[in-house]
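Q: This is the structure, below, for whatever I ask next.
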């Protein structure tokens, strides 16, 4: 299982000034000297968070979700107010343990799927104690 650690609730106005940004896109090819200007600040809370009162950052520990672009040490933006649907990446509590997996709902029942072939799907038996803690909306990945 991939472990997660809740880092903190995201608070509105945490960085009222936002981060510096430019209006121009950064080319991945040849640099353009015409784009040497500063164009104000951007507030990441406005871009990453739908409901600040129910959004948390959690840190991932483990490699079971690598094919979904989630790596060990990444931080996930998790919204607890969203109703989970089939195919969402979720933070689940299964028999008292937190895990991050892709939720699959189907005629055969509920499965929590890893995104790494080295990990088996977790088929949820009827007697299992499963709750969805929150739905992952973003992955903050260091490069």
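Values quoted throughout were computed directly from the atomic coordinates according to the rules given, and no laboratory measurement underlies them. It should be emphasised that the depicted structure is a prediction, and the values quoted were computed from it without experimental measurement. Counting neighbours? That spans all protein chains shown, and the Cβs are built from the backbone with ideal geometry, glycine included.
Q: Test of understanding: what is the full-extension gain from residue 111 to residue 54, defined as 0.36 nm times their sequence separation minus their Cα-Cα distance?
A: Details: separation 57, 0.36 × 57 = 20.52 nm, distance 2.48 nm.
Fully extending the segment from residue 111 to residue 54 adds 18.0 nm.
Q: Suppose each label sits 7 Å from its Cα in the direction of the beta carbon; what would the residue 123-residue 95 distance come out to in nanometres?
A: Output for this residue pair reads 1.5 nm.
Q: How many angstrom lie between the Cα centre of region 64-84 and the Cα centre of region 111-143?
A: Answer, in whole Å: 9.
Q: Ok, one more. For residue 141 and residue 46, compute 0.36 nm times the residue count separating them, minus their Cα-Cα distance, and round to one decimal in nm.
A: Values: separation 95, 0.36 × 95 = 34.20 nm, distance 1.86 nm.
Residue separation times 0.36 nm, minus the Cα-Cα distance, leaves 32.3 nm.
Q: Using a ≥ b ≥ c from the Cα gyration tensor of region 49-143 (square roots of the eigenvalues), is it rounded, prolate or oblate, where a/c under 1.5 gives rounded and otherwise the larger of a/b and b/c decides, a/b for prolate? Could you put the intermediate results ahead of the total?
A: Working: a/c = 1.84, a/b = 1.23, b/c = 1.50.
Judged from the Cα gyration tensor, region 49-143 comes out oblate (a/c at least 1.5, b/c at or above a/b).
Q: Rounded to the nearest 0.05, what FRET efficiency is calculated for residue 86 and residue 131 with R0 set to 22 Å and r the Cβ-Cβ distance? Display every interim value, and only then the final one.
A: Details: r = 17 Å, r/R0 = 0.76.
Calculated transfer efficiency: 0.85.
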